[in-house]
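**Q** One structure, pasted below without further comment.
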Amino acid sequence: MEFRAEARYLRVSPQKVRLVLDLIKGRQVEDALNTLTFTKKGCAPDVQKVLQSAIKNADFLSQEKGLEVDVDRLYVKRAVANEGPRMKRIRPAPMGRAFRYQRRMAHIEIALAERGRGSRAEVATTVGEEAEAKPAAKAVKKTAGRKAKAKK
């Protein structure tokens, strides 16, 4: 099962948020929280709030629906920063002109999943390892059966 949380209309560029989200993708929840605590980016506290909200959503849904969710086995399945609306602003320029610039916003979405025995992610990695272990088939060379005709 997937547990998600999102924050919308954050006043930070999505490009800057993606740098922080790349640090926590695929990690255990505890490791991700420690990483965000010691990350020196300005948007790290916002990402940490969204991650904690996703953890609390998982805990709440486990109590509400009677699911057994082990918070220690949760990992960050998906972490996405999408672009929000842009605010157009004008900056005064020399000789009475004006330059336009844009203030960007971001929508952050974090999804958590429980990593357990025999999960699809682990099965996919074992299948991938087996595929790498098999030797590659030898390519059969095709030789030209006919000689090229001589030009007159």
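Nothing in this text is a laboratory measurement; each read-out follows from the coordinates by a stated rule. Predicted model only: the values in this text are computed from it and were never measured. Don't worry about glycine lacking a Cβ; one is built from the backbone with ideal geometry, like all the others, and counts go over all protein chains shown.
**Q** From the list Val12, Val50, Val17, which residue is of a type outside the set (Gly, Ala, Ser) and part of a loop (DSSP other than H, G, I, E, B)?
**A** Of the residues listed, the single one that is of a type outside the set (Gly, Ala, Ser) and part of a loop (DSSP other than H, G, I, E, B) is Val12.
**Q** Separate question: Being touching a residue at least 24 places away in the same chain (Cβ under 8 Å) and part of a loop (DSSP other than H, G, I, E, B) is the filter here, so list the residues in region 38-47 that pass it.
**A** Result: Lys41, Gly42, Cys43.
**Q** Another one. Taking the condition of being touching a strand residue (DSSP E or B) at 6+ places or on another chain (Cβ under 8 Å), over 22 Å from Pro85 (Cα atoms) and surrounded by fewer than 19 Cβ atoms within 10 Å (Cβ to Cβ), how many residues in region 31-55 meet it?
**A** 1
**Q** If you go through region 72-104, how many residues are surrounded by fewer than 10 Cβ atoms within 10 Å (Cβ to Cβ), in a strand (DSSP E or B) and among the basic types (Lys, Arg)?
**A** Here the count works out to 3.
**Q** Quick one: what pairs do we get from region 80-109, first residue touching a residue at least 12 places away in the same chain (Cβ under 8 Å), second of a type in the set (Ser, Thr, Tyr), C-beta under 6 Å, 6+ apart or different chains?
**A** These pairs meet every condition: Gly84/Tyr9; Arg89/Tyr101; Arg104/Ser13; Met105/Tyr9.
**Q** Additional query: Regarding region 7-30, can at least one residue be identified that is over 12 Å from Ala79 (Cβ atoms), in contact with a Pro (Cβ under 9 Å, 6 or more places away or on another chain) and surrounded by fewer than 19 Cβ atoms within 10 Å (Cβ to Cβ)?
**A** The answer is yes, given that some residue of region 7-30 is over 12 Å from Ala79 (Cβ atoms), in contact with a Pro (Cβ under 9 Å, 6 or more places away or on another chain) and surrounded by fewer than 19 Cβ atoms within 10 Å (Cβ to Cβ).
**Q** Scan region 56-63 and give yes if some residue there is crowded, with 18+ Cβ neighbours inside 10 Å, among the aliphatic types (A, V, I, L, M) and more than 26 Å from Gly116 (Cβ to Cβ), otherwise no.
**A** No, every residue in region 56-63 fails to be crowded, with 18+ Cβ neighbours inside 10 Å, among the aliphatic types (A, V, I, L, M) and more than 26 Å from Gly116 (Cβ to Cβ).
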